[in-house]
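To keep things clear, I will list the structure first and then write my remarks on it.
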Amino acid sequence: MGKAMNNTGSIPYTVKKKRKSGGLKKNYIGWFFILIAVAGICLFYFYPMVQALLLSFQSGMGANLEYVGLDNYIRLFSDPTFIAALTNTMIYLLVQVPVMIVLALFFSVLLNDATLKFRGFFRLAIFLPCVTSLVAYAVIFKYLFGVDGLVNRFLIDLSITSEPLNWLSDPLLAKLTIIIAITWRWTGYNMIFYLSALQNVDKSMYEAAKIDGASALQQFFYITVPMLKPIILFTSIISTIGTLQIFDEIMNITNGGPGNATLSISMYIYNLSFEYTPDFGYAATVSYVIVILVVLLSLIQFKVAGDNK
Amino acid sequence: MRKLQRIATYIFLSIAAIVSIFPFLWMLVSMTNKSVDITQGRLLPGTHLFENLTVLFQQVDMVTALVNSTIIAVITTFLTLLIGSLAGYGFEIYRTPGKDRIFNILLLSMMIPFAAIMIPLYRLFGGISATIPFLGIDTLAAAILPTIITAFFIFFFRQNTKMFARDLVEAGRIDGLSELGIFFRIYLPTMKTSYAAAAIIAFMNSWNNFLWPLVVLQSPEKQTIPLLISKLGAGYTPDFGVIMSAIVIATLPTAIVFFLMQKHFVAGMMGSVKG
């Protein structure tokens, strides 16, 4: 997308008249350009945020809401379903995001080697999961990990397990299934960010390191990781925000079950609003927990990694 | 030692490639198989493709879902690009400190989790329903509207506008073009590659969107492909061959675009960090 300015020559320079209007008119028209976007973001993002905040202090069924002060926030602490949803979401976050980022970094370093054969094919293959819709791949994973699904068949054929595993009905395995699914879908996506950042890393640094006798692992930790720090920060923030909101996979792979073992915060908000007797006020309170988590975790990640930028 | 490392690399990457590709092969193969064969683990192409497609299009109402998804995705893509590029251009070309401040505030909206605004949006469109029925709950317009204006695309186009030669704007003014004329007659044609990358991402986001359509589109005749697949997948007696056919059809547009325009595809995906 960088080839935008090649045809400067094709613009005819026949001077008709010089515009007499100066900065004022241009400034005015500039506001016109951004008007719809600004209005739209206010209407569809900021206004609902304020509404949700107000809602979070109200309670009641359906449209009959009344202000209850901080009751909803207090209710959070004694609500086992909320605590389960929060715990599950944090487990996804703390296990899945680091695993995926390390895996993506590893792939990108391997694929950055110009002497590697079939490089293009490997890159394409690992990126491919990104073209699927979340719902489509979630349904596929649900069937792959079913009791008589292909994953169990494969594990039994390899004698890794003698009996089929209850991937979707065991609380721990169900969480693992979700984590495997998300990792499958997003590792290639993160990889391309690292691959493109690696293009800008000076090759001579690796040459110098090799001469100094640095092992591949040392090169990885002392050159690659520090050089990619800004992009690692960026991708970890994107992944954190995404994982905190995880919904499609949970709904379509396990529907939150068994029990509430895989329920995520977003799924709980959906259930509170549209599956159970609607309690929009409390649902809004739960949703503000995600908001607070997003802001807090982004700030922490900036603090931890942002000092050299 | 070096050789051994090489071999290990190839084995590792091959396993990763197989794991990545296998679900695609499986859905393609399963599309041609009977439900029973799929549950028994058949991995070879079968002869049931036509039957699966017949059931999908005649009994499951895939046609309605396809039409709805296409209408929503095309309109969303068009409006997203128009509004996003107008704004990105406006913020960059008519740059003032005031606008920069507004721009930074708009960027904050990228941090807003959808789950947090879903309920107020639902209530907003619910409130509209009574007075403006064609904009209310269970209309395609309601599914489209909140998704067409995103800070991401404003940011994307602003970043790309930085690479647009400003001289062209001056040249257009000298030529007597209006400011809007410059945008439509000079900026738009020169920025084709940026638009292509943005179009791919906007279309894909819309085509695959699940949560908001799930909330706002309630009647069966309004459902989109992701809603249909989700419903089929949650059924008690799923017909795997039919579901796999639906999944293949849902994946096809994005897969085709990806293979035809890999460069734009990746550029679009990474648009947020370029520049």
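The values are calculated or read from the model by the stated rules, or taken from the named source; none is laboratory data. Quantities reported herein were computed from a predicted structural model and do not represent experimental measurements. Glycine gets a Cβ as well: all are built from the backbone with ideal geometry, and neighbour counts include every protein chain shown. Just the protein is used for accessible areas: all its heavy atoms, side chains included, with ligands, DNA and RNA removed. Shrake-Rupley method; radii C 1.70, N 1.55, O 1.52, S 1.80 Å.
Of everything in the range A:254-275, what is closer than 20 Å to residue A:94 by Cα and at the interface with chain B (Cβ under 10 Å from one of its Cβ atoms)? Give them in sequence order.
A:264, A:265, A:266, A:267, A:268
Would you say residue B:168 is within 26 Å of residue B:103 (Cα to Cα), open to solvent by 20 Å² or more (accessible area, probe 1.4 Å) and at the interface with another protein chain (Cβ under 10 Å from one of its Cβ atoms)?
No: the conditions fail for residue B:168.
Mind listing whichever residues of the range B:126-142 are open to solvent by less than 40 Å² (accessible area, probe 1.4 Å), more than 28 Å from residue B:201 (Cβ to Cβ) and more than 12 Å from chain A (Cβ to nearest Cβ)?
Within the range B:126-142, B:129, B:136 meet the criteria.
Given (1) free of Cβ contacts under 8 Å to residues at least 40 places away in the same chain; (2) assigned to a helix (DSSP H, G or I), identify the lone condition not met by residue B:237.
(2)
For the structure I just gave you, tell me whether residue B:267 is modelled with pLDDT of 90 or more and either in a helix (DSSP H, G or I) or at the interface with chain A (Cβ under 7 Å from one of its Cβ atoms) (or both). Outline the logic, then answer.
Numbers: modelled with pLDDT of 90 or more: no; either in a helix (DSSP H, G or I) or at the interface with chain A (Cβ under 7 Å from one of its Cβ atoms) (or both): yes.
It is false that residue B:267 is modelled with pLDDT of 90 or more and either in a helix (DSSP H, G or I) or at the interface with chain A (Cβ under 7 Å from one of its Cβ atoms) (or both).
Kindly evaluate residue B:230 against the criterion of being within 10 Å of chain A (Cβ to nearest Cβ), under 24 Å from residue B:116 (Cα atoms), modelled with pLDDT under 85 and out of contact with any Ser or Thr (no Cβ under 8 Å at 6 or more places or on another chain).
In short, no.
For residue B:218, work out the one condition from (1) open to solvent by 30 Å² or more (accessible area, probe 1.4 Å); (2) free of Cβ contacts under 8 Å to residues at least 40 places away in the same chain; (3) more than 7 Å from chain A (Cβ to nearest Cβ); (4) not small (Gly, Ala, Ser) it doesn't fulfil.
Answer for residue B:218: the failing condition is (2).
Scan the range B:108-123 residue by residue and report those that are closer than 17 Å to residue A:283 by Cβ and open to solvent by 40 Å² or more (accessible area, probe 1.4 Å). Write out each step before concluding.
Just the residues of the range B:108-123 that are closer than 17 Å to residue A:283 by Cβ, to begin with: B:112-123.
Matches in the range B:108-123: B:114, B:122, B:123.
Residues that are at pLDDT 90 or above and buried (at least 22 other Cβ atoms within 10 Å of the Cβ): find the helices (runs of 4 or more DSSP H) completely inside the range B:11-93 holding 3 or more of those.
Values: elements: B:35-39, B:49-58, B:62-93.
Output list reads B:62-93.
Go through (1) more than 30 Å from residue A:293 (Cα to Cα); (2) at the interface with another protein chain (Cβ under 9 Å from one of its Cβ atoms); (3) crowded, with 21+ Cβ neighbours inside 10 Å one by one and return the number of the condition residue B:204 breaks.
Failing condition for residue B:204: (1).
Please enumerate the residues belonging to the range B:171-182 that are closer than 18 Å to residue B:91 by Cβ and either touching a Leu at 6+ places or on another chain (Cβ under 7 Å) or surrounded by fewer than 17 Cβ atoms within 10 Å (Cβ to Cβ) (or both).
B:180
For the range A:188-218, enumerate the residues that are without any contact (Cβ under 8 Å) to a residue 60 or more places away in the chain, more than 13 Å from chain B (Cβ to nearest Cβ) and not hydroxyl-bearing (Ser, Thr, Tyr).
Matches in the range A:188-218: A:201, A:202, A:203, A:205, A:207, A:208, A:209, A:211, A:212, A:213, A:214, A:218.
Take residues that are over 26 Å from the mean Cα position of the chain (by Cα) and tell me which of the helices (runs of 4 or more DSSP H) falling wholly in the range A:107-201 contain 2 or more. It would help to see each step written out before you state the result.
On the way: elements: A:119-127, A:134-144, A:150-157, A:171-198.
It comes to A:150-157.
Could you check the range A:292-303 and list, in sequence order, the residues that are closer than 16 Å to residue A:93 by Cβ, in contact (Cβ under 8 Å) with a residue 40 or more places away in the chain and open to solvent by 10 Å² or more (accessible area, probe 1.4 Å)?
Pass one, the range A:292-303, residues closer than 16 Å to residue A:93 by Cβ: A:292-301.
Next, from what is left, pick out any that are in contact (Cβ under 8 Å) with a residue 40 or more places away in the chain: A:293-294, A:297-298, A:301.
Answer for the range A:292-303, where residues must be closer than 16 Å to residue A:93 by Cβ, in contact (Cβ under 8 Å) with a residue 40 or more places away in the chain and open to solvent by 10 Å² or more (accessible area, probe 1.4 Å): A:293, A:297, A:301.
Assess whether residue B:145 counts as being more than 9 Å from chain A (Cβ to nearest Cβ) and assigned to a helix (DSSP H, G or I).
no
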